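Comments concern the structure below.
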Amino acid sequence: MDKKSLRIVFFGTPEFAVSSLRSIVEEGYNVVGVVTSTDKPAGRGRNISESEVKKYALEKNLLLLQPENLKSPDFLRQLADLKADLQVVVAFRMLPREVWSMPALGTFNLHASLLPQYRGAAPINWAIINGEKETGVTTFFLNDRIDEGSILLAEKTNISVQETAGQLHDKLKEIGSKLVLRTIDAILNKSINPIPQEKVQTLKSAPKLYKEMCRINWNKPGEQIINHIRGLSPYPAATTQIIQDNEDILSLKIYEALYEETENSTNLGCIFTDNKSYLKVSIPRGYIRILELQQNGKKKMGINEFLRGTHLSQYSCVFLEISE
């Protein structure tokens, strides 16, 4: 069997998956079908939105399937008709056994962490939130348990001290696309050696991010606050509220900030600003200097632009979350 005769079905939805699909196509592999999410309303206008994978598949005239139910007889019949030898999954929902067990050579997934650590929906975000210095991507064969199949290949990369989730996302999608190709090549050449995931004493998980997880806890140490902001930037973004004159409340998303470590005797959550060029929040051992933010209903902006349009009084403070 060669590249042209190896029949591949690709599963994926967001931009992260497009890099891998593009690499497979440009390498000359035979992609006989692409499975992606159904079109959904999005944005304020609720216009119908197509997935990034769908857009690429249509551009390349690839056969496209958009099942609502992965267990429906119609979809399973369509999938079986493609006679795939191998299925590749990147950033897609959990597949039922009827789907992942279908091809003779199996179904493998690309995950944006070094498994077994950071199993779950948001590994890129949680690696930064938790202050990791290293992460990577892993390919593994699917089984009945989420992100627990036998590992095929992995690639490490460093996380820089100022790197955001968005920047790490873009780096890992490129590293991941190359790893996907290496994995397919190894499976085709029968040189792959699946290894069961090791059992480790402490597992760090990467659960889906919810709105309440985005709120900044200003009681925490400065490094943890900065990691929280970096790990949620640019999406879904860390959030806070400014209380002014005990009445007005500004809801903000914070995208970029710096930690200024110093002895600090001021009240936690107090805001310091010249209403021109800087905005700092008092924390246990110093200040968090906010550099880029977004007010509800407005565009993202640097701190200078924000302060030109928003005057903060000396009584302003941030809403303090309860310490964990």
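The values are calculated or read from the model by the stated rules, or taken from the named source; none is laboratory data. Here the structure is a predicted model, which means the values were calculated and not measured. With ideal geometry, Cβ positions are generated from the backbone for all residues, glycine too; neighbour counts draw on all protein chains shown. Side chains are part of the model used for accessible areas, which takes the heavy atoms of the whole protein and leaves out ligands, DNA and RNA. Shrake-Rupley method; radii C 1.70, N 1.55, O 1.52, S 1.80 Å.
Could you tell me which trypsin sites (Lys or Arg not before Pro) in region 98-170 are loop residues by DSSP with no more than 14 other beta carbons within 10 angstrom of their beta carbon? Don't skip to the end; give the middle numbers.
Numbers: sites: R119, K133, R145, K156; in loops: K133, R145.
Taking region 98-170 and a limit of 14 other Cβ atoms within 10 Å, the loop trypsin sites (Lys or Arg not before Pro) found are K133, R145.
Give me the percent of accessible area attributable to carbon and sulfur for region 172-212, probe 1.4 angstrom.
Values: 1470 of 2810 Å².
It is 52 percent, rounded to a whole number.
Rounded to the nearest whole Å², what accessible area per residue is found for region 221-323 with the 1.4 Å probe? Walk me through the numbers on the way to the answer.
On the way: 5460 Å² over 103 residues.
Using a 1.4 Å probe on heavy atoms only, each residue of region 221-323 averages 53 Å².
Could you point to the residue in I243, M213, Y278 farthest towards the positive end of the chain's charge dipole, with +1 and -1 charges on the Cβ of Lys/Arg and Asp/Glu respectively? Of the options given, the answer is M213. On a per residue basis, the convex hull of the C-alpha atoms belonging to the chain measures out at 155 Å³. Please report the carbon-and-sulfur percent of the accessible area for region 214-294; probe 1.4 Å, protein heavy atoms only, DNA, RNA and ligands left out. So the carbon and sulfur contribution to the accessible surface is 45 percent.
Do any GluC sites (Glu not before Pro) in region 54-117 lie in a loop, going by DSSP, with at most 13 other beta-carbon atoms within 10 Å of their beta carbon, and if so which? Write out the running numbers ahead of the final one.
On the way: sites: E59, E68, E98; in loops: E68.
Counting only loop positions with at most 13 other Cβ atoms within 10 Å, the GluC sites (Glu not before Pro) in region 54-117 are E68.
The 3J(HN,Hα) values that the Karplus relation (6.51, -1.76, 1.60; θ = phi - 60°) gives for region 270-286 are, in residue order, 5, 9, 10, 7, 9, 6, 9, 10, 9, 9, 10, 10, 6, 10, x, 10, x Hz. Gly and Pro appear as x. The distance between label points at E148 and S72 comes to 3.0 nm (points 7 Å beyond Cα on the Cα→Cβ vector).
Given their separation in residues at 0.36 nm each and the Cα-Cα distance between them, S160 and I195 gain 9.7 nm when the chain is fully extended. Extension gain, K204 to T266: 0.36 nm times the residue separation minus the Cα-Cα distance gives 18.8 nm.
For F11, enumerate residues with amide H under 5 Å from its amide H, sequence gap 5+ or separate chain, H modeled in the peptide plane. The answer is V35, V88, V89, V90. Site pair S49 and L65 shows an inter-label distance of 2.5 nm when each label is modelled 7 Å from Cα along Cα→Cβ. The length gained on full extension between H311 and K211, counted as 0.36 nm times the residue separation minus their Cα-Cα distance, comes to 33.3 nm.
Helix 222-231 axis versus longest C-alpha principal axis of the chain: approximately 40°, rounded to the nearest ten.
When the convex hull of the C-alpha atoms of region 140-186 is computed, what volume per residue in Å³ does it have?
Working: hull volume 4.2 nm³, N = 47.
It comes to 89 Å³ per residue, whole-number rounded.
Each of D170 and R97 was given a label point 7 Å from its Cα along the Cα-to-Cβ line. The distance between the two points is 4.3 nm.
Comparing T240, T164, T138 in a Gaussian network model of the chain where C-alpha atoms under 10 Å apart are linked, the largest mean-square fluctuation is found at T240. Distances between placed amide hydrogens fall under 5 Å for I146 paired with no residue 5 or more residues away or on another chain. Applying the Karplus relation 6.51 cos²θ - 1.76 cosθ + 1.60 with θ = phi - 60° to region 101-111 yields 3J(HN,Hα) values of 8, 5, x, 5, 8, x, 10, 10, 10, 9, 10 Hz, where x marks Gly and Pro. Shown are Y315, Y287, Y56, whose ranking by accessible area with a 1.4 Å probe and every protein chain present, most to least, is Y315, Y287, Y56. Measuring between their Cα centroids, region 154-208 and region 110-127 lie 8 Å from each other.
Across region 87-205, C-alpha contacts under 8 Å between residues 6 or more apart give a mean separation that, scaled by the residue count, equals a relative contact order of 27 percent.
Annotation: amide H of L153 within the under-5 Å range of T139, sequence separation 5 or more or interchain, hydrogens built in the peptide plane.
Please identify the trypsin sites (Lys or Arg not before Pro) of region 204-262 that satisfy two criteria: DSSP loop assignment and at most 13 other Cβ atoms within 10 Å. Which are they?
K208
Pairs of Cα atoms nearer than 8 Å and 6+ residues apart set the relative contact order; for region 29-173 it is 16 percent. Kirkwood hydrodynamic radius, computed over distinct alpha-carbon pairs, for region 178-276: how many Å, to one decimal? Its Kirkwood hydrodynamic radius stands at 17.9 Å. DSSP bridge analysis restricted to the chain gives an antiparallel fraction near 70%, rounded to the nearest 5. In order along region 8-23, the phi-based Karplus estimate (6.51 cos²θ - 1.76 cosθ + 1.60, θ = phi - 60°) of 3J(HN,Hα) comes to 10, 10, 10, 10, x, 9, x, 4, 3, 7, 4, 4, 5, 4, 4, 4 Hz; Gly and Pro are listed as x.
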